[in-house]
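Here the structure comes first, spelled out in structure tokens, and everything after it is commentary.
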Amino acid sequence: MRDGMRLEIDGEDFTTECEEVRFATPRLAYEEDNGSSRLRFLGPAGFQVTLINPTGRALALVDDGRTTRTVKITASGMAVTHPTRFHREWTATDGTRKVFGSLAWDHARDAQWVDEPQLAQA
């Protein structure tokens, strides 16, 4: 783990539960063709975290993304906190074990098609 970086999951210290934490806040780009050119729109920021060579305690977080956990990463006096789901773990061809997590979506608020009567009630 890099000096000064801390990892908390659901309020518990996981700093020593992996060799390294890799994280990013990627943005999605959407494209629309207006007939003469392509327009690009920048979507909301997401969140991804990968735990490198996790311990058994960190591996136990993986449940195909069913459980939402609060992840806080602190580095260089800055912190980022996101609701996160841990989807899977695997071993890379070089023998490195990894655990992947990403932003937990609120399924109640995800964009969904609804029947017009439901839309009128909303």
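The values are calculated or read from the model by the stated rules, or taken from the named source; none is laboratory data. Bear in mind the structure is a predicted one, so any value in this text is a computation, not a measurement. When we count neighbours, we look across all protein chains shown, and the Cβ atoms used for this are built from the backbone with ideal geometry, even at glycine. Just the protein is used for accessible areas: all its heavy atoms, side chains included, with ligands, DNA and RNA removed. Shrake-Rupley method; radii C 1.70, N 1.55, O 1.52, S 1.80 Å.
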Quiz item: Among the residues of the stretch 56-104, which ones are in a strand (DSSP E or B), among the hydrophobic types (A, V, I, L, M, F, W, C) and open to solvent by 40 Å² or more (accessible area, probe 1.4 Å)?
Solution: Met78, Ala79, Trp90, Phe100
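Is it the case, given these coordinates, that Arg40 is over 19 Å from Gly11 (Cα atoms), touching a strand residue (DSSP E or B) at 6+ places or on another chain (Cβ under 8 Å) and either among the basic types (Lys, Arg) or outside any strand (DSSP E or B) (or both)?
Yes; evaluated as a whole, the condition is true for this residue.
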Self-check item: Enumeration of residues in the stretch 33-55 that are within 30 Å of Arg97 (Cβ to Cβ) and at pLDDT 85 or above
Solution: Gly46, Phe47, Gln48, Val49, Thr50, Leu51, Ile52, Asn53, Pro54, Thr55
Exercise. Read through the list (1) within 12 Å of Ile9 (Cβ to Cβ); (2) out of contact with any Phe, Trp or Tyr (no Cβ under 6 Å at 6 or more places or on another chain), then give the number of the only condition that Phe23 fails.
Key: (1)
Practice problem: State all residues of the stretch 6-42 that are within 19 Å of the chain's Cα centre (by Cα) and farther than 22 Å from Ile73 by Cβ; if no residue qualifies, say none. | Solution: Ala29, Leu42
Exercise. State whether one or more residues within the stretch 37-46 are touching a Phe, Trp or Tyr at 6+ places or on another chain (Cβ under 9 Å), under 16 Å from Arg22 (Cβ atoms) and not basic (Lys, Arg).
Key: no
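Of the residues Glu31, Glu8, Glu17, which is exposed (fewer than 11 other Cβ atoms within 10 Å of the Cβ) and in contact with a strand residue (DSSP E or B) (Cβ under 9 Å, 6 or more places away or on another chain)? Explain how you work it out, then say what you get.
Working: Glu8 fails: exposed (fewer than 11 other Cβ atoms within 10 Å of the Cβ); Glu17 fails: exposed (fewer than 11 other Cβ atoms within 10 Å of the Cβ).
Exactly one residue qualifies, and that residue is Glu31.
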